[in-house]
1. Mind checking which pairs have a first residue in region 88-99 that is touching a residue at least 40 places away in the same chain (Cβ under 8 Å) and a second that is basic (Lys, Arg), Cβ under 7 Å, 6 or more apart or different chains?
2. Among the listed residues Asp151, Asp131, which satisfies the condition of being open to solvent by 30 Å² or more (accessible area, probe 1.4 Å), touching a Leu at 6+ places or on another chain (Cβ under 9 Å) and in a loop (DSSP other than H, G, I, E, B)?
3. Could you please tell me which pairs satisfy a Cβ distance under 7 Å, a separation of 6+ or placement on different chains, a first residue in region 27-56 that is more than 19 Å from Glu93 (Cβ to Cβ), and a second residue that is among the acidic types (Asp, Glu) and assigned to a helix (DSSP H, G or I)?
4. Filter region 41-98 down to the residues that are acidic (Asp, Glu) and surrounded by fewer than 23 Cβ atoms within 10 Å (Cβ to Cβ), then identify the one that is nearest to Leu184 (Cα to Cα).
5. Among the residues of region 100-114, count how many are open to solvent by less than 40 Å² (accessible area, probe 1.4 Å) and closer than 17 Å to Ser25 by Cβ.
6. Out of Ala144, Ala148, which single residue is under 30 Å from Ser3 (Cβ atoms) and in contact with an Asp or Glu (Cβ under 9 Å, 6 or more places away or on another chain)?
7. Restrict the check to region 175-197 and report whether at least one residue is under 23 Å from Leu12 (Cβ atoms), among the basic types (Lys, Arg) and at pLDDT below 95.
8. Restricting to region 1-50, and then to whatever is assigned to a helix (DSSP H, G or I) and of a type in the set (Phe, Trp, Tyr), can you tell me which residue is nearest to the chain's Cα centre (by Cα)?
Amino acid sequence: MHSTALLHLLQLASPSLPVGAYSYSQGLETAIELKQVHDNETAFAWITEHLLRVVAHFEAPLLWRLLHAFSQRDASAVLAWTEKALVGRDTAEFRAESIQMGYSLMKLIRELNLVDASMEKCLPERTEITDTPFPTAFACAAIALEMAPEDALLASLFSWAENQVLVCVKSVPLGQVAGQRLLLSLRPSIEEAARTAMRLPDEELSNWAPSLSLYSMRHEVQYSRLYRS
């Protein structure tokens with residue numbers, strides 16, 4: 001990889017990217033509250049199952065398609081997959097998370113003057129859709145930074161996994177070394193999720209995860225919370 005592309009990739013995947021990812025747990029905080037996640041082994045089990053059963057079958061393949069749609073400047077494809085990204089968020093917290101992070105990332109890349117005129121024409125904001133979900137914003141940023149779709153997909157998956165590990169480090173709690181060991185052990189699952197996302201047919205995309213949805217809804221009324229989802 002060219003050094004410029006690598007630096008762009010590291011910046012986009014960085015936990016310091018000001019999009020608010022650190023403030024969301026995606027249901028993990030509820031699992032910790034209920035003692036379903038309470039040590040290294042249960043943290044690994046939760047993250048890998050969420051990654052391989054949910055992210056790899058919905059958010060990641062959506063991102064993969066959006067990356068190609070932006071690279072081809074295909075506005076109709078961007079709109080179609082953006083609509084699916086929005087309707088696929090089945091709880092109030094999950095929808096608010098994707099919209100808030102998408103808004104923050106779009107604001108950032110515009111302030112950095114990364115979006116050219118041809119890409120601006122592809123954005124769903126030009127249609128009746130007023131909210132840009134995070135996968136659409138991430139794909140737009142990645143292509144604007146001239147990343148290869150494969151690299152951008154892996155960066156997104158790694159960033160997601162790193163955030164989940166950080167939730168465990170803070171809230172289980174796990175030690176810093178244990179957290180890094182956990183993140184390292186997730187590498188094969190991240191690669192598997194990327195392969196699944198790239199080869200999954202359109203008709204097999206699915207966010208069917210009723211237990212996760214119930215955890216998300218329970219989190220909305222959870223008494224003590226550090227995270228917004």
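The values are calculated or read from the model by the stated rules, or taken from the named source; none is laboratory data. Being a predicted model, the structure only gives us computed values, none of them experimental. Positions of Cβ are backbone-derived with ideal geometry, glycine not excepted, and every protein chain shown enters the neighbour counts. These area figures cover heavy atoms from the full protein model, side chains too; ligands, DNA and RNA do not enter into them. Shrake-Rupley method; radii C 1.70, N 1.55, O 1.52, S 1.80 Å.
1. Arg89/Arg95; Glu93/Arg228; Glu97/Arg228
2. Asp131
3. Within 7 Å, the pairs are Leu52/Glu192.
4. Taking the candidates together, the pick is Glu41.
5. The total comes to 1.
6. After applying the criteria, what remains is Ala144.
7. Among the residues of region 175-197, not one is under 23 Å from Leu12 (Cβ atoms), among the basic types (Lys, Arg) and at pLDDT below 95, which makes the answer no.
8. Tyr22
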